[in-house]
Amino acid sequence: MNSEEEFYDAVTGFDSDNSSGDFSEANHKGPEMLDLEPHQSNKTEKHNGETEIQENGIKRHRTSLPAPMFSRSDFSVWSILKKCIGLELSKITMPIVFNEPLSFLQRITEYMEHIYLINKACSHTDPLERMQAVAAFAVSAVASQWERTGKPFNPLLGETYELTREDLGFRFISEQVSHHPPISAFYSEGLNKDFIFHGSIYPKLKFWGKSIEAEPRGTITLELLKHNEAYTWTNPTCCVHNVIIGKLWLEQYGVVEIINHSTGDKCVLNFKPCGLFGKELHRVEGYIQDKHRKKLCVIYGKWTECLWCTDPTTYETYKKNEKRGSEPKKKSSEEDIKSENDEADDMPEVQDTVQFIPGSKLLWRINCRPPNSSQMYNFTSFAVSLNELEKGMEAILAPTDCRLRPDIRNMENGNMDVASREKERLEEKQRAARKERAKDEVEWHTRWFHQGTNPYTGTPDWLYSGGYFDRNFSDCPDIY
């Protein structure tokens, strides 16, 4: 076998001889959608003495981290942030205790957790249904941030992350292409050539006294190759509150516009700010319109829970009846969201779930998190698996892959003092390399992405140069 085949075996647990053929329906479903009998899902066997696989051939990814989350209760972020009010935070060094054991490149990869929505979009013949699935995917991409108040590690210049999931039908590659300003570029493709998902992200972080705001910048593009369609959008703004004192809580707000550049259809989603008394916390409302600005459907829900759609007439009638004092119907299939702030330290109370409008169609529902998620930085099951490093993978991965970062690895293993020292060492090594390049008047050259223009928006973007999965890593920089 060649090195790429060996990598597929190591990462996915599939026999690489079968990896290039057609995929069964189960291969394109998320883990929660696999049609398994109960006894099948629990039986496992050892593959080559190392990788554990299920009877259906799908690799079992780990379900917990090696060590529980480190307590932040004895540390004060105020001592660091009090001099940074109104400033951009990407240049501020934060203690490792405020991190989570993932790189920002791995956090970006969490967009792929609900990839079944892309598969739905590819399968629909109706462009309206495709836009509905894409809108649900855009909302689901930020859902993993719910209660994730830890800061991902800033990627080092030249750092990369790859992920191949044959059970979900995609592979993914990202690279830190700029350090100041910090820019992360990513590219993903369906293994059966049905979609391409790519973009570049450079969030602007600011501290406003009691909160930290991450303003998204950069374009996200999804191409559905079968339908010759391209969709673009930008993520909403994310804000973490009570960073000085009180219970940390997070909200997303801002207007997200998803444009179908082939049909002219547009989806406008309003991620509502919390507002007074927390009435609008986590709510998303919007609509899909055609190129003539005719509303085709209304979308509503919460980015922390679920997303529904209905026709505009039904929605307007419901809202009018609601204003007249009619009793709204609630979807009670999930427990009411309860306030986590018993001491009322500026955390808005949320006691109602999404109000269900009769006749609505469910577009997406958030995955349940592991029962021990609170001890694992509130990671989803998908996030828990991202930094997994199995025996033999080190020889296959690029030497710049996040999994090989010693500070993140030690933090994940609970070695906080070692992780802190390694973080300082890596940052100093990066500074020294930058000074050396400046002294020799040598420019930094990215390896897997290049600057260009987004073909659909005409705006500056970082585009995939190709070749990563040929696995020629001889000229990769030594960053660790």
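The values are calculated or read from the model by the stated rules, or taken from the named source; none is laboratory data. Since the structure is predicted, the reported quantities are computational estimates derived from the model, not experimental observations. Every residue, glycine among them, receives a Cβ derived from its backbone with ideal geometry; neighbour counts consider all protein chains shown. Ligands, DNA and RNA are stripped out before the accessible areas are found, and what is left, the full protein with its side chains, is counted by its heavy atoms. Shrake-Rupley method; radii C 1.70, N 1.55, O 1.52, S 1.80 Å.
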Per the rule of 0.36 nm per residue minus the C-alpha distance, extending Thr453 to Ser465 adds in nm 3.0 nm
Might you report the magnitude of the Cβ-based charge dipole of region 97-150 about its Cα centre, with Lys and Arg at +1 and Asp and Glu at -1, to the nearest 20 debye?
80
What list of ³J(HN,Hα) couplings, whole Hz, do you get for region 447-464 from phi and the Karplus terms 6.51, -1.76, 1.60, once you set θ to phi - 60° and write x for glycine and proline?
9, 10, 10, 9, 6, x, 10, 4, x, 9, 9, x, 9, x, 7, 10, 10, 5
Extension gain Trp444-Glu388, at 0.36 nm per residue separation less the Cα-Cα distance, in nm?
17.2 nm
Relative packing of peptides 355-362, 166-173, 143-150 - highest average C-beta neighbours within 10 Å first:
166-173, 143-150, 355-362
Using the heavy atoms of the protein chains and a 1.4 angstrom probe, tell me the accessible area per residue for region 352-422 in square angstrom.
39
Under a Cβ-only charge scheme (Lys and Arg +1, Asp and Glu -1), can you give me the dipole magnitude of region 127-214 about the Cα centre, in debye to the nearest 20?
420
Would you check the accessible area of Trp444, probe 1.4 Å, heavy atoms only, in square angstrom rounded to 10?
80
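Charges only on Cβ, +1 for Lys and Arg, -1 for Asp and Glu: so what's the dipole of region 160-273 about the Cα centre, in debye to the nearest 20? Mind showing how you got there, number by number?
On the way: 11 positive and 13 negative charges, 99 e Å.
Here the size comes out at about 480 debye.
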Along Cα→Cβ, 7 Å out, is where each label goes; now give me the distance between the ones at Arg421 and Asp311 in nm to one decimal.
6.9
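I need the peptides 317-323, 449-455 ranked by packing, meaning the mean over residues of other C-beta atoms within 10 angstrom, with the highest value on top.
Values: 317-323: 12.7, 449-455: 15.7.
Highest to lowest by the protection proxy: 449-455, 317-323.
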How far apart, in nm, are the 7 Å Cα→Cβ label points at Asn472 and Lys226?
3.4
Which of the listed residues, Leu397, Asn387, Ala432, is farthest toward the dipole's positive end in region 383-432, when Lys, Arg count +1 and Asp, Glu count -1 at the beta-carbon?
Ala432
